[in-house]
Amino acid sequence: MCMSRAVLALGANLGDRAASLQTAVDALAESTKVLAVSGVYETAPVGGPDQPDYYNAVVVVETGMSASDLLALAQVIETGAHRVRLERWGPRTLDVDVLVFDDVISDDPVLTLPHPRAHERAFVLAPWLEADPHGVIPGRGAVADLLDTVASAGVRRLDEPRLRMPPSRMPEVH
């Protein structure tokens, strides 16, 4: 089985935000090998209506799935957390975005890779740098360099809560 590396962003600003993020990490571990999980960052909302602050985190995984299957899994995880899509950039119980999938660059409207705004968002780049200090956004550059170019006011790492790194339930490939 050919394995791919992917980076996913998690966000929640309704309900028990920390529990929603942990649920997403645990659900990803059911079907992928979780390689790294960032700390939790509290961030002011960007765009959209007036809404509560977000908890954000980044997860790095290894998977035998295709990018589209990983997106489908992300959407199932969101649905399981009672995600409702009422308005663009509106509040949500859980958001799971595929940021990068290997070095794939694609303008597919269903799954644009890399994520079209990841390089502009400190609430994505800061936890990503923590989880993967050598991370790169294909066609954009190193995450560390990109973070230096964006405003990071309103993004702060929390000491608590902490996300647990779950044991991978994905079978090892030999």
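The values are calculated or read from the model by the stated rules, or taken from the named source; none is laboratory data. Owing to the predicted nature of the structure, the values given are computational and were not obtained by experimental measurement. Cβ sites come from the backbone with ideal geometry, for glycine too, and all protein chains shown count toward neighbours. We work out accessible area using only protein heavy atoms, side chains counted, and drop any ligands, DNA or RNA first. Shrake-Rupley method; radii C 1.70, N 1.55, O 1.52, S 1.80 Å.
Near the amide H of Leu163, within less than 5 Å, lie the amide hydrogens of Val40, all on another chain or at least 5 residues away, with H placed in the peptide plane. When the residues Phe101, Phe123 are ordered by accessible surface, computed with a 1.4 Å probe over the protein chains alone, the sequence from largest down reads Phe123, Phe101.
Rounded to whole numbers, the Karplus 3J(HN,Hα) couplings from phi for region 108-122 are 4, x, 7, 9, 7, 10, x, 3, x, 10, 4, 5, 9, 10, 4 Hz, using 6.51 cos²θ - 1.76 cosθ + 1.60 with θ = phi - 60°, and x at Gly and Pro.
Counting only heavy atoms of the protein chains and using a 1.4 Å probe, Glu30 has close to 100 Å² of accessible surface.
Run the accessible area of the chain with a 1.4 Å probe and give the carbon-and-sulfur part as a rounded percent.
Numbers: 4600 of 8780 Å².
Accessible surface attributable to carbon and sulfur in the chain totals 52 percent.
Summarising the amide proton neighbourhood of Leu99: residues at separation of 5 or more, or on other chains, whose placed amide H is nearer than 5 Å comprise Val7, Leu8, Ala9.
Across region 63-74, coupling constants 3J(HN,Hα) worked out from phi with the 6.51/-1.76/1.60 Karplus curve, θ = phi - 60°, read 8, x, 6, 7, 4, 5, 5, 5, 4, 4, 4, 4 Hz, and Gly and Pro carry x. The relative contact order of region 15-158, computed from alpha carbon pairs under 8 Å that lie at least 6 residues apart in sequence, is 26 percent. Charges were assigned to the Cβ only: +1 to each Lys and Arg, -1 to each Asp and Glu. The resulting dipole of region 122-169 about its Cα centre is roughly 240 debye. Annotation: Met165 carries an accessible surface of approximately 100 Å², with a 1.4 Å probe and no ligand, DNA or RNA atoms counted.
Hey, can you find the accessible area per residue of the chain for me, probe 1.4 Å, expressed in square angstrom? Please report the intermediate quantities before stating the final value.
Details: 8780 Å² over 174 residues.
In whole numbers, the chain has 50 Å² accessible per residue.
Annotation for Asp16 and Asp159: the two label points, set 7 Å from Cα along the Cα-Cβ direction, are 2.3 nm apart. Helical content alone sets the calculated 222 nm signal of the chain at -7500 deg cm²/dmol, taking -39,500 (n - 2.57) per DSSP H segment of four or more residues and averaging over every residue. With a simple spin-label model that places each label point 7 Å from the Cα along the Cα-to-Cβ direction, the separation between Arg117 and Asp50 comes to 2.0 nm.
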